[in-house]
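K.L.:
One structure is given below, represented as structure tokens, and several questions about it will come after.
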Amino acid sequence: MSIILKGISFNYGNKKNFSNLDLEIPDLRCVVITGKCGSGKTTLAKLIAGILELKSGEIMFHSKYKGRPKIGYIFQNPDDQFIQLSIEKEIAFNLENDGIEMVEMEKIVTDQLKKYGFSNRRKDSPNSLSGGEKQKLALAGMLVSNPEILIMDEPTSFLDIVDRVEFYENIRKLQKEGLSIIWISHEEDEIYLSDYVIELENFQVKFSGERDEYICGRLK
Ligand code: ADP
């Protein structure tokens with residue numbers, strides 16, 4: 001799955017943000033978008049996900065599938081993610097738009113709850129979960145509908161070290177399964193988990209290339 005952004009422009013109100021930006025994200029498994037706070041990382045991710053609308057320009061997806069790929073988006077704060085009253089409904093939510101039959105859907109939800117360790121708490125509110133569990137539920141809810149691209153905005157910022165390690169393991173597993181991951185991070189060590197790095201500065205691309213090239217550049 002490669003993504004081509006052609007001459008994209010976007011602004012919040014009358015502030016100038018992205019202006020005629022070109023960017024090509026090659027067909028790689030895991031891309032990190034990095035850069036200082038306020039550099040435009042979340043805005044770029046939301047434009048790719050279609051959450052924000054371009055003012056002009058085009059975003060093209062090249063994959064073996066036709067049309068716009070299915071994109072899962074995980075917000076920085078898991079509390080912004082959840083809109084349902086129970087864990088099971090949160091997982092079912094993303095399936096409801098897929099037109100899956102009720103009986104089939106119940107089976108898929110039950111399997112997903114089991115896979116992510118939520119079987120005993122399926123009726124509980126997502127608010128009853130710890131930070132790490134919320135992150136896991138956000139992942140379970142997004143992945144249940146088999147997106148081709150998963151975009152995550154600083155997914156580890158609310159996690160302690162134990163939950164972070166578990167999260168990194170999950171990411172490695174997903175990478176191996178063939179999911180394309182776009183991940184916003186400004187943690188230096190998290191860049192090592194990626195194949196490709198995009199660094200933004202003031203809504204412009206400061207670097208776009210292979211991870212090793214990025215790291216070598218930083219060491220110079
Ligand atoms: P980053 O993810 O790199 O921290 P963002 O894309 O979230 O950067 O935001 C970059 C800048 O865009 C912010 O500093 C702010 O000036 C502006 N911005 C972001 N979201 C909004 C919004 N909803 N309304 C107005 N301005 C915004």
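The values are calculated or read from the model by the stated rules, or taken from the named source; none is laboratory data. Everything numeric here is computed off the predicted structure, so don't read it as measured data. Quick reminder, even Gly has a Cβ in these numbers, built from the backbone with ideal geometry, and neighbours come from all protein chains shown. Note: areas computed on protein heavy atoms with side chains; ligands, DNA, RNA excluded. Shrake-Rupley method; radii C 1.70, N 1.55, O 1.52, S 1.80 Å.
K.L.:
So in region 141-162, with the set limited to residues that are open to solvent by 50 Å² or more (accessible area, probe 1.4 Å) and in a loop (DSSP other than H, G, I, E, B), which one is nearest to Met1 (Cα to Cα)? Give the steps one after another, and end with the answer.
P.N.:
The first filter runs over region 141-162 and keeps only residues open to solvent by 50 Å² or more (accessible area, probe 1.4 Å), leaving 146, 157-158, 160-162.
In the following step, the residues that additionally are in a loop (DSSP other than H, G, I, E, B) were identified as 146, 157-158, 160.
On the way: Asn146: 15, Ser157: 27, Phe158: 29, Asp160: 32 Å.
Ranking the qualifying residues of region 141-162, first place goes to Asn146.
K.L.:
Of all the strands (runs of 3 or more DSSP E) wholly in region 170-212, which have at least 3 residues that are of a type in the set (Val, Ile, Thr) and open to solvent by less than 20 Å² (accessible area, probe 1.4 Å)?
P.N.:
Numbers: elements: 180-184, 196-201, 204-210.
Here the list reads 180-184.
K.L.:
Sticking with this one: List the strands (runs of 3 or more DSSP E) inside region 1-95, counting only whole elements, that have at least 1 residues being open to solvent by less than 10 Å² (accessible area, probe 1.4 Å) and within 15 Å of the ligand (Cβ to nearest atom).
P.N.:
On the way: elements: 2-10, 18-25, 30-35, 56-62, 71-74.
Ranges flagged: 2-10, 18-25, 30-35, 71-74.
K.L.:
Look at Ile215 and say whether it is within 16 Å of the ligand (Cβ to nearest atom) and either open to solvent by less than 70 Å² (accessible area, probe 1.4 Å) or over 13 Å from Gly35 (Cβ atoms) (or both). Spell out how you get there, then give the answer.
P.N.:
Values: within 16 Å of the ligand (Cβ to nearest atom): no; either open to solvent by less than 70 Å² (accessible area, probe 1.4 Å) or over 13 Å from Gly35 (Cβ atoms) (or both): yes.
When the stated conditions are applied, Ile215 does not pass them.
K.L.:
Among the residues of region 172-187, what is the count of those that are among the small types (Gly, Ala, Ser) and either modelled with pLDDT of 90 or more or under 14 Å from Val32 (Cβ atoms) (or both)?
P.N.:
Within region 172-187, the first condition is being among the small types (Gly, Ala, Ser), and the residues that meet it are 178, 180, 185.
Of the ones still in play, those that are also either modelled with pLDDT of 90 or more or under 14 Å from Val32 (Cβ atoms) (or both) are 180, 185.
So the count comes out to 2.
K.L.:
Could you tell me whether region 106-120 includes any residue that is touching a helix residue (DSSP H, G or I) at 6+ places or on another chain (Cβ under 6 Å) and assigned to a loop (DSSP other than H, G, I, E, B)?
P.N.:
Scanning region 106-120, I find at least one residue that is touching a helix residue (DSSP H, G or I) at 6+ places or on another chain (Cβ under 6 Å) and assigned to a loop (DSSP other than H, G, I, E, B), so the answer is yes.
K.L.:
Quick one: is Gly72 at positive phi and not hydroxyl-bearing (Ser, Thr, Tyr)?
P.N.:
Values: at positive phi: no; not hydroxyl-bearing (Ser, Thr, Tyr): yes.
Here the answer is no, as Gly72 does not meet what is asked.
For every residue, the table says whether it meets (1) farther than 30 Å from His62 by Cβ; (2) within 19 Å of the chain's Cα centre (by Cα).
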| position | (1), (2) |
| --- | --- |
| Lys123 | yes, no |
| Gly141 | no, yes |
| Ser157 | yes, yes |
| Val162 | yes, no |
| Ser180 | no, yes |
